[in-house]
Amino acid sequence: MSIKSVVRKTVKPVVGERGWQTLRRLRQRTFGTPPAPPKKPTGVAAISDDLCKLATHFKTDKWGAHKYAQHYQRYLQHLKNEEFNLLEIGIGGYNRPGEGGASLRMWKHFFPRAHIHGMDIQDKSFVDEDRITTYIGDQSDPDSLLAIAEKIGRIDVIIDDGSHRSPHVITTFRTLFPLLSDGGIYAVEDTQSSYWPEWMGSEDLDSKDTSMGVLKQLVDGLNYEEFVDESYEPTYFDRNIRAVHFFHNLVIIEKGVNAEGTNKKRVLKARYGTPKAKTS
């Protein structure tokens, strides 16, 4: 039993109903009206902090058919209340009228201050609303990608959920990643198609021409400073990717300066010789 209930039970019988109401009015004048308890959010607002629940609500396959939402929650949580630009390649629905936009709506409700941009080869302008803007574009055409990026301006998150064909994925990555802001996130979905020849992939796991082949090379690039080939020139991607995370059918890349240095010349003395002492 609460203290309030105990006081009511013991005092009210003594002072009577009129005395009890007088005491209540005196308390309100002295201490003010107690604040009303905060209202619990309802509807979509009640699940706005849980990306998996939002994905289910908006019927996007980022949760259910796939298990992407849990990984996005982990790597994008730091942007939850930030104002930024997110671009998703592929809006969904193919060429069926009035279909698509589920994940764009999910992103909008998870990021209450973000501006959500979607690009598709089909006209999906029916999805446009406050903080959601769509563009018609072809991810296999660098000029098309660059034109849309110019309209958006600074881009902080890019998600490739487009055609899933390796040549298109590679073109999009090589064109847009350099435009991603420092500290930004780049994601490639549905990488299973990389292994399917029917989807412009390859059965050869060592192929350098598939989306997974290109993405796997990024891991070596993280450690370019350790290469002993002194003629090797680090690429833009070597120098500007600080982490690559692989999941089932999903790859998440963190952009940032990759220049931590190396101790190879001190350790590999037989190869490099004894370091010369510094002279004043």
Cross-chain or 6+ apart pairs with Cβ under 6 Å, the range 123-142 first and assigned by TED's automatic domain parsing to the domain that holds PHE173 and over 14 Å from LEU87 (Cα atoms), then at pLDDT below 95 and assigned to a helix (DSSP H, G or I) = none
Determine whether the range 44-62 contains at least one residue that is among the small types (Gly, Ala, Ser) and either surrounded by 13 or more Cβ atoms within 10 Å (Cβ to Cβ) or within 13 Å of the chain's Cα centre (by Cα) (or both).
-> yes
Within the range 66-85, residues of a type outside the set (D, E, K, R), out of contact with any Phe, Trp or Tyr (no Cβ under 9 Å at 6 or more places or on another chain) and over 18 Å from ILE116 (Cα atoms) come out as HIS66
Pairing a residue in the range 69-82 that is under 17 Å from HIS109 (Cβ atoms) and in the same structural domain as PHE110 (by TED's automatic domain parsing) with any residue that is among the charged types (D, E, K, R) and surrounded by fewer than 19 Cβ atoms within 10 Å (Cβ to Cβ), where Cβ atoms lie under 8 Å and the two sit 6 or more apart in sequence or on different chains, gives GLN73/ASP50; LYS80/ASP49; ASN81/ARG113; GLU82/ARG113
Among the residues of the range 223-279 satisfying the criterion of being of a type in the set (Gly, Ala, Ser) and either farther than 30 Å from ASP190 by Cα or part of a loop (DSSP other than H, G, I, E, B) (or both), which is nearest to the chain's Cα centre (by Cα)?
-> GLY256
Across (1) closer than 26 Å to PRO142 by Cβ; (2) out of contact with any helix residue (DSSP H, G or I) (no Cβ under 8 Å at 6 or more places or on another chain); (3) in contact (Cβ under 8 Å) with a residue 60 or more places away in the chain; (4) not β-branched (Val, Ile, Thr), LEU86 clears everything bar (2)
Only one residue in GLY213, GLY221, GLY183, GLY201 is in the same structural domain as ARG74 (by TED's automatic domain parsing) and at positive phi, so which one is that?
-> GLY183
Log entry, pairs with first residue in the range 218-244 being farther than 22 Å from ASP182 by Cβ, second being of a type in the set (Ser, Thr, Tyr), beta carbons closer than 8 Å, six or more apart or on different chains, reads GLU226/THR262; TYR232/TYR224
Listed by first then second residue, the pairs whose first member lies in the range 101-119 and is modelled with pLDDT of 95 or more, whose partner is part of a helix (DSSP H, G or I) and of a type in the set (Lys, Arg), with beta carbons under 7 Å and at least 6 positions apart or on separate chains, are ILE116/LYS108
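The values are calculated or read from the model by the stated rules, or taken from the named source; none is laboratory data. It should be emphasised that the depicted structure is a prediction, and the values quoted were computed from it without experimental measurement. Neighbour counts are summed over all protein chains in view; Cβ atoms, including those assigned to glycine, are modelled from backbone coordinates with ideal geometry.
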